[in-house]
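> To start, I am sharing the structure in question, which I have written as structure tokens.
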Amino acid sequence: MAFEVPQLPYGYDALQPTIDEQTMKLHHDKHHQAYVDKLNGAIAETASLQGKTIEEILAQASSLAPVARNNGGGHWNHSFFWEIMAPAGGSDPSGELKSAIEGAFGSLDAMKEQFNTAGANQFGSGWAWLVATPAGDLTICSTPNQDNPLMEDAKVKGIPVLGNDVWEHAYYITYNNRRPDYLKAWWNIVNWSKVSENFSKAQNG
Ligand code: MN3
């Protein structure tokens, strides 16, 4: 069964003005589709990857050919990304997640600042992550390219709870070179109820 690009849970224009419609169309229909097509192509030529879930594939990241690693990461990361955004005016972190964020970072604002710094300082393309670690803590990291904390050779390993795409294709049409402005504005469209759900699932294994 080949992997597929999931449908967006909202319209292409639903995240405006934070993310413009053209960016969403290109990002979802072209970039994500290309990751999926190349991943499916790699799997068709690699018997050991056939029948595996995307998480099982990423768990053996260090032994993958670059085409499978990069496009497998691209598929997982973007499928995750669409779900953790929602039209502006959404919820705040739930009680349990709020407590965990305050315990780890002092406050929600302090967490956002650390996350934005990780995203701004990621040289070139990559992602910023809020991660539930195997020890049950929350931490922030960034990864290059389409890597993520599920990869067994990631510097910071764990289950992503929240992540932002800092590739130029994610923000350049509206924000040009101003990645920090994109990072700051992006919090307007975070779907905190989905993030809280991710955190609960991570805590329950
Ligand atoms: Mn992207």
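> Condition test on Ala128, is it in a loop (DSSP other than H, G, I, E, B), in the same structural domain as Trp167 (by TED's automatic domain parsing) and either in contact with a Cys (Cβ under 8 Å, 6 or more places away or on another chain) or among the aliphatic types (A, V, I, L, M) (or both)? Talk me through it step by step, then tell me what you get.
Numbers: in a loop (DSSP other than H, G, I, E, B): no; in the same structural domain as Trp167 (by TED's automatic domain parsing): yes; either in contact with a Cys (Cβ under 8 Å, 6 or more places away or on another chain) or among the aliphatic types (A, V, I, L, M) (or both): yes.
So Ala128 does not fit the description; no.
> Okay, next question. Considering only residues that are charged (D, E, K, R) and either open to solvent by less than 50 Å² (accessible area, probe 1.4 Å) or at positive phi (or both), which ones fall in segment 142-156?
Step one: filter segment 142-156 for residues charged (D, E, K, R), giving 147, 152-153, 155.
Selection gives Asp147 alone.
> Can we say Trp192 is crowded, with 22+ Cβ neighbours inside 10 Å and either among the aromatic types (Phe, Trp, Tyr) or not assigned by TED's automatic domain parsing to the domain that holds Asn77 (or both)? First the steps, then the outcome.
Working: crowded, with 22+ Cβ neighbours inside 10 Å: no; either among the aromatic types (Phe, Trp, Tyr) or not assigned by TED's automatic domain parsing to the domain that holds Asn77 (or both): yes.
Criteria not met by Trp192.
> Can I ask one more? Among the numbered criteria (1) assigned to a loop (DSSP other than H, G, I, E, B); (2) modelled with pLDDT of 95 or more; (3) more than 17 Å from Gly74 (Cα to Cα), which single criterion is violated by Asp147?
(3)
> Now, a different point. From the set of residues in segment 86-100 that are open to solvent by less than 70 Å² (accessible area, probe 1.4 Å) and assigned to a helix (DSSP H, G or I), which is nearest to the ligand (Cβ to nearest atom)?
Leu97
> I need the full set of residues from segment 6-33 which are within 12 Å of the ligand (Cβ to nearest atom) and open to solvent by less than 30 Å² (accessible area, probe 1.4 Å), in order please.
Ile19, Thr23, Met24, His27, His28, His32
> Further, regarding this structure: Is there a residue in segment 70-85 that is within 16 Å of the ligand (Cβ to nearest atom) and farther than 28 Å from Ala185 by Cβ? I'd like the intermediate steps shown before the answer.
To start, the set of residues in segment 70-85 that are within 16 Å of the ligand (Cβ to nearest atom) comprises 70-85.
Then drop every residue that is not farther than 28 Å from Ala185 by Cβ, which leaves 71-72.
Scanning segment 70-85 turns up at least one residue that is within 16 Å of the ligand (Cβ to nearest atom) and farther than 28 Å from Ala185 by Cβ.
> Does segment 140-171 hold any residues that are more than 15 Å from the ligand (Cβ to nearest atom) and charged (D, E, K, R), and which are they?
Step one: filter segment 140-171 for residues more than 15 Å from the ligand (Cβ to nearest atom), giving 140-141, 149-159, 161-162.
Correct list: Glu152, Asp153, Lys155, Lys157.
> Condition (residue is part of a loop (DSSP other than H, G, I, E, B), outside the structural domain of Trp186 (by TED's automatic domain parsing), open to solvent by less than 30 Å² (accessible area, probe 1.4 Å) and under 22 Å from Pro160 (Cβ atoms)) applied to segment 54-65: is it met by at least one residue?
Just the residues of segment 54-65 that are part of a loop (DSSP other than H, G, I, E, B), to begin with: 59-60, 64-65.
Among the residues that remain, those that are also outside the structural domain of Trp186 (by TED's automatic domain parsing) are: 59-60, 64-65.
Then keep just the ones that are open to solvent by less than 30 Å² (accessible area, probe 1.4 Å); that gives 64.
Retained after the next criterion (residues that are under 22 Å from Pro160 (Cβ atoms)): 64.
Checked against the condition, which is being part of a loop (DSSP other than H, G, I, E, B), outside the structural domain of Trp186 (by TED's automatic domain parsing), open to solvent by less than 30 Å² (accessible area, probe 1.4 Å) and under 22 Å from Pro160 (Cβ atoms), segment 54-65 yields at least one hit.
> If I filter segment 157-182 down to residues being open to solvent by 60 Å² or more (accessible area, probe 1.4 Å) and among the basic types (Lys, Arg), which single residue comes out as nearest to Thr117 (Cα to Cα)?
Arg178
> Looking only at segment 131-144, which residues are touching a residue at least 24 places away in the same chain (Cβ under 8 Å) and part of a strand (DSSP E or B)?
Within segment 131-144, the first condition is being touching a residue at least 24 places away in the same chain (Cβ under 8 Å), and the residues that meet it are 131-134, 136-140, 142.
Val131, Ala132, Leu138, Thr139, Ile140, Ser142, listed by residue number.
For every residue, the table says whether it meets (1) open to solvent by less than 30 Å² (accessible area, probe 1.4 Å); (2) modelled with pLDDT of 95 or more.
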residue	(1), (2)
Glu102	no, yes
Phe115	yes, yes
Gly126	yes, yes
Asn204	no, no
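The values are calculated or read from the model by the stated rules, or taken from the named source; none is laboratory data. No experiment lies behind these values; they were computed from the predicted model shown. Positions of Cβ are backbone-derived with ideal geometry, glycine not excepted, and every protein chain shown enters the neighbour counts. Side chains are part of the model used for accessible areas, which takes the heavy atoms of the whole protein and leaves out ligands, DNA and RNA. Shrake-Rupley method; radii C 1.70, N 1.55, O 1.52, S 1.80 Å.
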